[in-house]
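Before any comments, here is the structure.
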Amino acid sequence: MTTTVKTTPIAGQKPGTSGLRKKTPVFMARHYLENFVQSVFDVVGCAGKTFVLGGDGRYFNDRAAQVILRMAAANGAARVIVGQGAFLSTPAASHLIRLNKTDGGIIMSASHNPGGPTEDFGVKFNMPNGGPAPEAVTEAIYRRTTEITEYHMVEAQDLDLARIGRHDLAGMVVDVVDPVADYAALMETLFDFPAIRSMFAGGFRMRMDSMCAITGPYAVEILENRLGAAQGTVVNAAPLPDFGGMHPDPNPTWAKALMDEMFGQDAPDFGAASDGDGDRNMVVGRGIYVSPSDSLAVLAANAHLAPGYKAGLKGIARSMPTSAAADRVAAALGIGAYETPTGWKFFGNLLDAGRATLCGEESFGTGSDHVREKDGLWAILLWLNILAVRKQSVAQILQEHWAKFGRNYYSRHDFEAIPTDKADAMMAALREKLASLPGTALEGLVVEAADDFAYTDPVDGSVSLKQGVRVLFAGGSRAVFRLSGTGTEGATLRLYLERYVPGPDGLAEDPQAALAPIIRAAHAIAGIETHTGRTAPDVVT
Ligand code: VG1
Ligand code: CO
């Protein structure tokens, strides 16, 4: 039986950089999840359609899945493909959407944000191409949340989502599938598994930290079972509703145990970590950290060594705050380089149009046209494939890369939980003075240009304004300022810093030292302390 429930709009259901994210109790409050999901169905249509559903297993994932299924049935969906236990990594969900030619999917995740009864939850809609809904769609969903009056729900018992196979929910087909199998099969088509297997057989050692999040089962199956990495290579491999209290954000701060191991005595050859929903990756060599911007550039320069990319790349896209290291590779390869706003949704058109093959963000996101999300394990496997072919260490590969292309020293400084009004005032003041900045000299640097990044999508012509303030210094250094669109508490200021050194001298400095004048100049220009009271960042990556 279908019931129609009267409701009223709930303020603040505006999707951010990647879906709607709120504190879990907010999502669990009466009508909250239901209003948003009904708004999605009202905008994208539901009757007769097939969707994919899964999430990263965080607290409330299981309950939310049952609610979404009951609503899909009530709205007339024909079929929903669900990962067993309502688990799917974000890239695996993207793959299932594409593989089964469905009408899209709903992913339950707040990604790299902590999970648990008092932490974060999130929901986002992905399109039939497997990618996050573009701004026009998320805007329409948001508008719908502001006018919603009712939602629909069938009355039924919970489905047993632990049982793989076909189920019926009030006439709607629910196919519960193994969350790993199709994804692992896709990886086998892209990478030289026999070569990686012989590398492991030859004694190559790896540490993979799944941070008690969704990639555990994927990493155990692919790295240990299929590629022969030693048992126990994957740690924190069981997904937990609160991520075991970890902050599943793979960076040197939150994946500290991995960093300690990789910089310690008897470090393995290669280390990696991934985030809550499995779309991010951090890569570490023995005694050397690989910045995500460098990782994108190295992967682009070496992708042809993997079977899935042996024909070469069509183009490389990066988000604006990501360093220009990948642009230098694109120039050397004679292929297109694209600069997009932050967030994977901006890569979708370039990938669909065949303009870009590889994409990346400085925030530990790398991916390709195999799906329409960034993909943590994919990046880790591409690194392994390159290591297996080149038979060099991560450190050697990085050093040769910098020797050839020069080095883009890079760092991101995050200032978290700033009162929103103060962060907004700082950005407004900065935007006010942009026009007056060119020509200003400070800290031995001269401002060459300053603007607020605007993007015109080359495929559909859509325009996105105010995507981050850029201060460009003579000589190719820059500082970028933007406010996070994924947080759930106050505002987070992201300060992105970059300096290019062509070499051969000066390629082996500590990034924070190499960037010191730019850091000081950025603080002075934006008046970070005056506006926010902060003198030092909370997280440095
Ligand atoms: C952050 C990152 C951005 C990434 C987004 C989603 O967004 O900076 O590059 O695409 O998270 O990643 P923001 O607006 O907070 O800077 V995930 O792994 O949380 O889906
Ligand atoms: Co993520």
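Per-structure values
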item: Scope the stretch 1-45; condition in a strand (DSSP E or B) and surrounded by fewer than 23 Cβ atoms within 10 Å (Cβ to Cβ); matching residues; result: T2, T3, T4, V5, K6, G16, K22, K23
item: Leading residue by the ranking (farthest from ligand 1 (Cβ to nearest atom)) among those in the stretch 319-362 that are of a type in the set (S, T, Y), assigned to a loop (DSSP other than H, G, I, E, B) and within 21 Å of N302 (Cα to Cα); result: T357
item: So P114, is it part of a loop (DSSP other than H, G, I, E, B) and within 16 Å of ligand 1 (Cβ to nearest atom); result: yes
item: Selection within the stretch 301-324 - closer than 27 Å to V469 by Cα and either within 16 Å of ligand 2 (Cβ to nearest atom) or of a type outside the set (K, R) (or both); result: G315, I316, A317, S319, M320, P321, T322, S323, A324
item: A237 within 26 Å of A326 (Cβ to Cβ) and touching a residue at least 12 places away in the same chain (Cβ under 8 Å); result: no
item: Scan of the stretch 45-98 for residues that are more than 16 Å from ligand 1 (Cβ to nearest atom), among the basic types (K, R) and either closer than 22 Å to C212 by Cβ or touching a Leu at 6+ places or on another chain (Cβ under 6 Å) (or both), ordered by number; result: R63
item: Helices (runs of 4 or more DSSP H) wholly inside the stretch 179-227 that include at least 3 residues being in contact with a helix residue (DSSP H, G or I) (Cβ under 6 Å, 6 or more places away or on another chain) and small (G, A, S); result: none
item: Hits in the stretch 111-146 (condition: of a type in the set (A, V, I, L, M) and either on the phi > 0 side of the Ramachandran plot or touching a Gly at 6+ places or on another chain (Cβ under 9 Å) (or both)); result: V123, M127, A133
item: Set G343, G444, G365: member being surrounded by fewer than 17 Cβ atoms within 10 Å (Cβ to Cβ) and not hydroxyl-bearing (S, T, Y); result: G444
item: The stretch 354-373, residues that are within 16 Å of ligand 2 (Cβ to nearest atom) and of a type outside the set (V, I, T); result: C359, G360, E361, E362, S363, F364, G365, G367, R372, E373
item: Residues located in the stretch 374-423, provided they are within 16 Å of ligand 2 (Cβ to nearest atom) and assigned to a helix (DSSP H, G or I); result: G376, L377, W378, A379, I380
item: Only one of G271, G308, G312 that is assigned to a loop (DSSP other than H, G, I, E, B), small (G, A, S) and at pLDDT 95 or above; result: G312
item: Residue within the stretch 424-437 that is surrounded by fewer than 14 Cβ atoms within 10 Å (Cβ to Cβ) and not in a helix (DSSP H, G or I) present; result: no
item: Only one of T492, T486, T532 that is within 16 Å of ligand 1 (Cβ to nearest atom) and in contact with a Phe, Trp or Tyr (Cβ under 8 Å, 6 or more places away or on another chain); result: T492
item: Hey, S198 in contact (Cβ under 8 Å) with a residue 12 or more places away in the chain and under 21 Å from D275 (Cβ atoms) or not; result: no
item: Some residue of the stretch 130-148 being within 16 Å of ligand 1 (Cβ to nearest atom), among the charged types (D, E, K, R), under 19 Å from R280 (Cβ atoms) and not in a loop (DSSP other than H, G, I, E, B); result: no
item: Yes/no for L483 being closer than 13 Å to D414 by Cβ, within 27 Å of the chain's Cα centre (by Cα) and not assigned by TED's automatic domain parsing to the domain that holds S323; result: yes
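Okay, residues lined up against (1) more than 20 Å from D277 (Cβ to Cβ); (2) of a type outside the set (A, V, I, L, M); (3) out of contact with any His (no Cβ under 9 Å at 6 or more places or on another chain):
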residue	(1), (2), (3)
V154	yes, no, yes
M172	yes, no, yes
V176	no, no, no
T189	yes, yes, no
R207	yes, yes, yes
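Residue-wise test of (1) in contact (Cβ under 8 Å) with a residue 12 or more places away in the chain; (2) crowded, with 19+ Cβ neighbours inside 10 Å.
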site	(1), (2)
L99	yes, no
G116	yes, no
E119	yes, yes
M127	yes, yes
T145	yes, yes
Q157	no, no
R166	no, no
A170	yes, no
V176	yes, yes
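The values are calculated or read from the model by the stated rules, or taken from the named source; none is laboratory data. Every value quoted in this text rests on a predicted model; they were computed, and no experiment measured them. FYI the Cβ positions are ideal-geometry reconstructions off the backbone, even for glycines, and counts take in every protein chain you see.
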